[in-house]
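To keep things clear, I will list the structure first and then write my remarks on it.
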Amino acid sequence: MPTTTIETDVILIGCGVMSATLGVMLKELDPKLKIHIIERLDEVAGESSDGWNNAGTGHAALCELNYTPENADGSIDISKALQVDEEFELSKQFWAWLARQGRIDPARFIHSVPHMSFVEGKDNQDFLRKRHAAMNDHPLFHGMEFTTDREQIGAWAPLLMKERTDNGVYAATRSLLGTDVNFGGLTRMLFADLDTLPDTDIHLGHEVRDIDRMDNGRWRVEVKDLKSGDKTAYQARFVFIGAGGGALPLLEKSNIPEAAGYGGFPVSGQWLRCLNADIIRQHHAKVYGKAKSGSPPMSVPHLDSRTIGTEQALLFGPFAGFSTKFLKHGSWLDLPSSLEWDNIMPMVQAGWKNMDLTKYLIEQVRLTPEERLDELKEFMPTAQLKDWELAVAGQRVQVIKKDPEEGGVLEFGTELVAAADGSLAALLGASPGASTAVSIMLKLVLKCFPERATEWHETLKRMVPSFGRKLAEDAALIKEVRTKSHMALGLLVPV
């Protein structure tokens, strides 16, 4: 059967929160754009964006201790925390703008949930006290509470202290500004909104088979309908690869020089999911602990109150596993097929330098149900095996890239890779991911459409009021935009 050819302006690959966010932005910036969105699955938000496949924490650095390392002199570095929190504030502004227009319903995806940090031991208690002092002094984190009182901790989160009979030293912080976000619910609403706009077509059950640069500078994206077998060749001016773990193999197909040397290390996730409704009702917080010595950042344990659809849930984890798949619904051949001459050495070097990660994954795979329960009991002493089940979460692919001095380097964040002329871009990596989708897409728009930056400036400010200003350096602006965002999203309004 001959291949059908379609001319378009934009191709978005992957129906996750990243493509959804970029699609909405681009149609607002230029309503005349013709956009085609390609998704291999028969549903949107079926991979990492789905509510059950990620932590759902609106990552604002309120409770995640790995964003605030301790310096050699004992001081706390909050620079990363400031960056992460500001990026999440941009997301809330964008969602609030959509909510005020009635294009999304905040009650279906975001809720106020206290964010807590919880530690044991004198050294950790001292660390948390210093962290609180450093953060609470900044307007982005003002109002964070700190306590070493066991009764107060129990009042904030009863399951943490119920029947805890030891004489251990504990400490906790709490911020009422925290949120729980169902990114799957948000993504589905964004695509439903896009589906109402002219010249926007969403193709589910379609797989991208190849991406080639044409002589005229446009991109030819070959797509197969997985049900009918029909093939279509889209010719587009701009391509975004937002396919989560599947982005790396597609980026390699593009053959842009900027993609050389990138590799991926897949890590699967698992949760203990509570089955007892009485227990679920007793916990209303996201409680993050401290990763054990030698463990990677992804291993930070947390006891998570969730709202997914109309269902209240309680999760503990994450527990890691190893799979050669790049996607939860991917192929066992994903990892070996991603190997190329220019990324084999960086991947070997990164693997050699991260033997602690390999050791951690082996230990995680070998955990028995009783050993997982023991880890949960460090947070919840009354936990019983009968009340919990093991659930598989999403697949993450950590970025491996060349470094001129260190060789192959393993990254734990997200990375935007773009062609020099801005005609193609891909997003690699994982956490904090979805929480920073708006910040990442704003950077993409400026990087890939620089010639239209001036023309689009006022529209970008309408969508994200603090756009172009450094939020972390302006206390008045923080209060103004946060108050407006929280009111529009039905969240607890900061005092």
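The values are calculated or read from the model by the stated rules, or taken from the named source; none is laboratory data. Nothing here was measured: the structure is a model prediction, and the numbers come from that model. Here Cβ is always computed from backbone atoms with ideal geometry, including for glycine, and neighbour counts include all displayed protein chains.
A few remarks follow.
- Within the stretch 374-385, the residues that satisfy the criterion of being touching a residue at least 60 places away in the same chain (Cβ under 8 Å) and not in a loop (DSSP other than H, G, I, E, B) are Glu375, Leu376.
The rows are residues; the columns are (1) crowded, with 22+ Cβ neighbours inside 10 Å; (2) under 30 Å from Gln93 (Cα atoms); (3) modelled with pLDDT under 95.
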{"position": "Leu361", "(1), (2), (3)": "no, no, yes"}
{"position": "Pro369", "(1), (2), (3)": "no, no, yes"}
{"position": "Gln398", "(1), (2), (3)": "yes, yes, yes"}
{"position": "Lys402", "(1), (2), (3)": "no, no, yes"}
{"position": "Gly422", "(1), (2), (3)": "no, yes, no"}
{"position": "Glu451", "(1), (2), (3)": "no, yes, no"}
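- Qualifying residue in the stretch 260-272 (condition: among the aliphatic types (A, V, I, L, M), modelled with pLDDT under 95 and surrounded by fewer than 21 Cβ atoms within 10 Å (Cβ to Cβ)): yes
- One residue from Leu416, Leu410, Leu357 being part of a helix (DSSP H, G or I), under 26 Å from the mean Cα position of the chain (by Cα) and either at pLDDT below 70 or of a type in the set (A, V, I, L, M) (or both): Leu357
- Residues of the stretch 66-100 classified as part of a loop (DSSP other than H, G, I, E, B) and of a type in the set (Gly, Ala, Ser), total: 3
- Members of the stretch 165-176 found to be part of a loop (DSSP other than H, G, I, E, B) and either charged (D, E, K, R) or surrounded by 15 or more Cβ atoms within 10 Å (Cβ to Cβ) (or both), listed by number: Asp166, Val169, Leu176
- Scope the stretch 192-211; condition buried (at least 16 other Cβ atoms within 10 Å of the Cβ) and either within 13 Å of Gly14 (Cβ to Cβ) or over 23 Å from the mean Cα position of the chain (by Cα) (or both); matching residues: Thr200, Ile202, His203, Leu204, His206, Glu207, Val208, Ile211
- Exclusive hit being within 30 Å of Ile13 (Cα to Cα), exposed (fewer than 14 other Cβ atoms within 10 Å of the Cβ) and aliphatic (A, V, I, L, M), set Met214, Met189: Met214
- Residue-level analysis places Lys292 among those that are exposed (fewer than 15 other Cβ atoms within 10 Å of the Cβ), under 23 Å from the mean Cα position of the chain (by Cα) and closer than 30 Å to Leu177 by Cα.
- Long-range neighbours under 8 Å by Cβ, at least six apart or interchain, first residue without any contact (Cβ under 8 Å) to a residue 40 or more places away in the chain within the stretch 160-180, second surrounded by 23 or more Cβ atoms within 10 Å (Cβ to Cβ) and β-branched (Val, Ile, Thr): none
- Set Ser466, Ser435, Ser485: member being modelled with pLDDT of 95 or more, of a type in the set (Gly, Ala, Ser) and assigned to a helix (DSSP H, G or I): Ser485
- Among residues of the stretch 135-158 being over 23 Å from Ile110 (Cβ atoms) and touching a strand residue (DSSP E or B) at 6+ places or on another chain (Cβ under 7 Å), the one that is surrounded by the most Cβ atoms within 10 Å (Cβ to Cβ) is Ile153.
- Restricting attention to the stretch 73-128 and to residues that are closer than 28 Å to Ala155 by Cα, of a type in the set (Asp, Glu) and more than 22 Å from the chain's Cα centre (by Cα), the residue that is surrounded by the fewest Cβ atoms within 10 Å (Cβ to Cβ) turns out to be Asp123.
- Single residue of Leu62, Leu26 found to be assigned to a loop (DSSP other than H, G, I, E, B), over 12 Å from Gly242 (Cα atoms) and touching a residue at least 40 places away in the same chain (Cβ under 8 Å): Leu62
- Against the test of being in a helix (DSSP H, G or I) and in contact (Cβ under 8 Å) with a residue 40 or more places away in the chain, the options Arg129, Arg103 yield a single qualifying residue, Arg129.
- When residues in the stretch 177-233 are screened for being more than 30 Å from Ser117 (Cβ to Cβ), in a loop (DSSP other than H, G, I, E, B) and touching a His at 6+ places or on another chain (Cβ under 8 Å), 1 of them pass.
- Between Asp50, Asp9, the distinction of being in contact (Cβ under 8 Å) with a residue 24 or more places away in the chain, acidic (Asp, Glu) and over 30 Å from Pro301 (Cβ atoms) belongs to Asp9 only.
- Meets criteria (surrounded by 19 or more Cβ atoms within 10 Å (Cβ to Cβ), touching a residue at least 12 places away in the same chain (Cβ under 8 Å) and in contact with a Pro (Cβ under 6 Å, 6 or more places away or on another chain)) for Ile440: no
- Residue check, Ala243 buried (at least 16 other Cβ atoms within 10 Å of the Cβ), closer than 19 Å to Ala420 by Cα and either touching a Cys at 6+ places or on another chain (Cβ under 7 Å) or modelled with pLDDT under 95 (or both): no
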